[in-house]
């Protein structure tokens, strides 16, 4: 038991599991504000392909969106250009400031997302070593195909290899770069990053769906995004000066749509590949989350709301329940 600990909710799960809807319901019920933990939603101009909420920007440099339907503040959205390199260390620092601000105003921070490493960085208060880009190493690694890069990473860090997008050369190269920079791996929960004591208490709720339901959701969501203009969004990013290589580094639809726009695959092939990429991504997300036994997996919203209410009442929380 950790007395006087500040409470934070985490709603996590694979893509298309309904995280945002649950987080908004909880925010309305328990006086909360939402922090996006999505490694793509931080980038401006990547809206349809990342499933950002519909709303308008009304905040400052850490971003504050208010949904037109729910008027719930959302943070860590649209904070950097897609030309900018953004990583988990930067996310942890900025999200930490948002969390403190939300708590100071007597509200409940609700972290919502599917980027497992970013969520763990907050939950475990991970301390990241400074690993600057190694230009010479990157130049060498860029010559290798993704398959060889993945094999290299698997030897260096088998755990990271289980969750990374094995076709994303940019992320593979960065992971290898970090592994080569840090010579000794600390024996702390099988991670190379130091975990520090945290002043918060977390309730992590994972959204549990059957594989059939999840795959149906993914297909329907992908098709809906194409109807909403996902192809035009990618074409606009390129027209604004973003290279195809940089766009493809974001993976999933952002990898396969350029293949279609440059005539390498047909439209039908593109749609099929995006759906399959999203399914594979969901598998990797589940693999990552299943390692954390603290996560409580639920499907029924009533059970989720009950668990949250009990968590906020525990240890005499001073936060108001609505």
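Every number in this text was worked out from the coordinates using simple rules, so none of it is lab data. None of the values given here were measured: they were computed from a predicted structure. Quick reminder, even Gly has a Cβ in these numbers, built from the backbone with ideal geometry, and neighbours come from all protein chains shown.
The table below gives the values:
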quantity	calculated
Cα-based Rg of the range 153-305 normalised by 2.2 N^0.38 Å, two decimals	1.26
Sequence-separation-based contact order of the chain, relative, with Cα cut under 8 Å and 6+ spacing, percent	26
Efficiency of FRET between residue 21 and residue 280 - r from beta-carbon atoms, R0 22 angstrom, step 0.05	0.40
DSSP bridge orientation in the chain - percent antiparallel, rounded to nearest 5	30
Helix axis angle, 169-181 relative to the chain longest principal axis, alpha carbon, degrees	70
Cα gyration tensor shape for the range 55-126, rounded if a/c is under 1.5, else prolate or oblate	oblate
Mean Cβ neighbour count within 10 Å, used as a protection proxy, ranking 150-162, 6-18 highest first	6-18, 150-162
Full-extension gain in nm, residue 224 to residue 156, via 0.36 nm per residue minus C-alpha separation	20.6 nm
Sequence of 252, 261, 141, 223 once ranked by neighbouring C-beta atoms within 10 Å, starting from the fewest	223, 261, 141, 252
Shape of the range 1-135, Cα gyration tensor, a/c cut at 1.5	oblate
The range 1-136 - percent relative contact order, Cα under 8 Å, separation 6 or more	33
Fewest-first ranking of 269, 136, using other Cβ atoms within 10 Å as the exposure measure	136, 269
Separation of the residue 125 and residue 97 label points, Cα + 7 Å toward Cβ, nm	2.0
C-alpha long axis of helix 19-30 to longest principal axis of the chain, angle in °	20
Label point 7 Å beyond Cα of residue 267 along Cβ direction - residues of the range 229-247 with amide nitrogen under 12 Å	231-232
Distance between modelled label sites at residue 139 and residue 85, nm, 7 Å Cα→Cβ extension	1.5
Extension gain from residue 313 to residue 259, taking 0.36 nm per residue of separation minus the Cα-Cα distance	14.3 nm
Ordering of 281-287, 301-307, 115-121 by packing [mean C-beta count within 10 Å, highest first]	115-121, 281-287, 301-307
Difference of contour (0.36 nm per residue) and Cα-Cα distance, residue 29 to residue 292	92.0 nm
Percent breakdown of C-alpha pair distances by 20 Å bin, ordered from the shortest bin, for the chain	30, 60, 9, 0
Helix 88-104 vs. the chain, principal-axis angle (Cα, 0 to 90°, nearest 10)	20
For the range 227-322: relative contact order, % (alpha-carbon pairs under 8 angstrom, 6 or more apart)	14
Gap separating the Cα centres of the range 233-297 and the range 200-217, nearest whole Å	20
